[in-house]
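Okay, so here's the structure we're looking at.
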Ligand SMILES: [Zn+2]
């Protein structure tokens, strides 16, 4: 899809840096309370595990927790929104409504771990009227 950016490479690089102690764990497990709240209540469950929890389990030599702790949350940014920070999208219906109302918005999907607060951008893509047709 046009305008879609994938951030999985950046995620792998960051996880590697945490693994090697270059980046402190606190720096990557800093999910904003509102993001955590959204992740808990409306986040889409993803089957993949949290890389930081996996690292902690490995170091403590305990088996990985099988309960999926990762959620996907979507934010939108755009000049039309008249706010500097992203707006959390609380439902598919809200995203459709925003896309219909604004000319140009950029959606960002963030993964967030409910256990440790790890959060990382996964992908971004345009939504809004300017992107239709
Ligand atoms: Zn985690």
task = Collect the residues in segment 87-100 that are touching a residue at least 12 places away in the same chain (Cβ under 8 Å) and either out of contact with any strand residue (DSSP E or B) (no Cβ under 8 Å at 6 or more places or on another chain) or in a strand (DSSP E or B) (or both), keeping them in residue-number order.
result = 87, 88, 89, 90, 91, 100
remark   = Selection from segment 14-31 of residues outside any helix (DSSP H, G or I) and without any contact (Cβ under 8 Å) to a residue 24 or more places away in the chain yields 20, 21, 22, 23, 24
note = Of the residues in segment 69-85, those that are assigned to a loop (DSSP other than H, G, I, E, B) and modelled with pLDDT of 85 or more come to 69, 78
inquiry  = Quick check on segment 1-13. Is at least one of its residues modelled with pLDDT of 90 or more, within 15 Å of the ligand (Cβ to nearest atom) and not in a loop (DSSP other than H, G, I, E, B)?
reply    = yes
ask   = How many of the residues in segment 94-106 are within 20 Å of residue 35 (Cα to Cα) and either within 16 Å of the ligand (Cβ to nearest atom) or in contact with a helix residue (DSSP H, G or I) (Cβ under 7 Å, 6 or more places away or on another chain) (or both)?
value = 1
ask   = Name the residues in segment 28-74 that are closer than 30 Å to residue 127 by Cα, away from the ligand (no atom under 13 Å from the Cβ) and surrounded by fewer than 19 Cβ atoms within 10 Å (Cβ to Cβ), would you?
value = 32, 33, 34, 37, 40, 41, 42, 44, 45, 47, 72
request  = Within segment 90-124, track down each residue that is over 13 Å from the mean Cα position of the chain (by Cα) and buried (at least 17 other Cβ atoms within 10 Å of the Cβ).
outcome  = 98, 99, 102, 105, 106, 116
ask   = Which is away from the ligand (no atom under 16 Å from the Cβ), closer than 17 Å to residue 7 by Cβ, assigned to a strand (DSSP E or B) and touching a residue at least 12 places away in the same chain (Cβ under 8 Å), of 123, 111?
value = 123
ask   = Would you say residue 58 is assigned to a helix (DSSP H, G or I) and either in contact with a strand residue (DSSP E or B) (Cβ under 7 Å, 6 or more places away or on another chain) or within 21 Å of residue 6 (Cα to Cα) (or both)?
value = no
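The values are calculated or read from the model by the stated rules, or taken from the named source; none is laboratory data. Being a predicted model, the structure only gives us computed values, none of them experimental. Backbone-built Cβ (ideal geometry, glycine too); neighbour counts: all protein chains shown.
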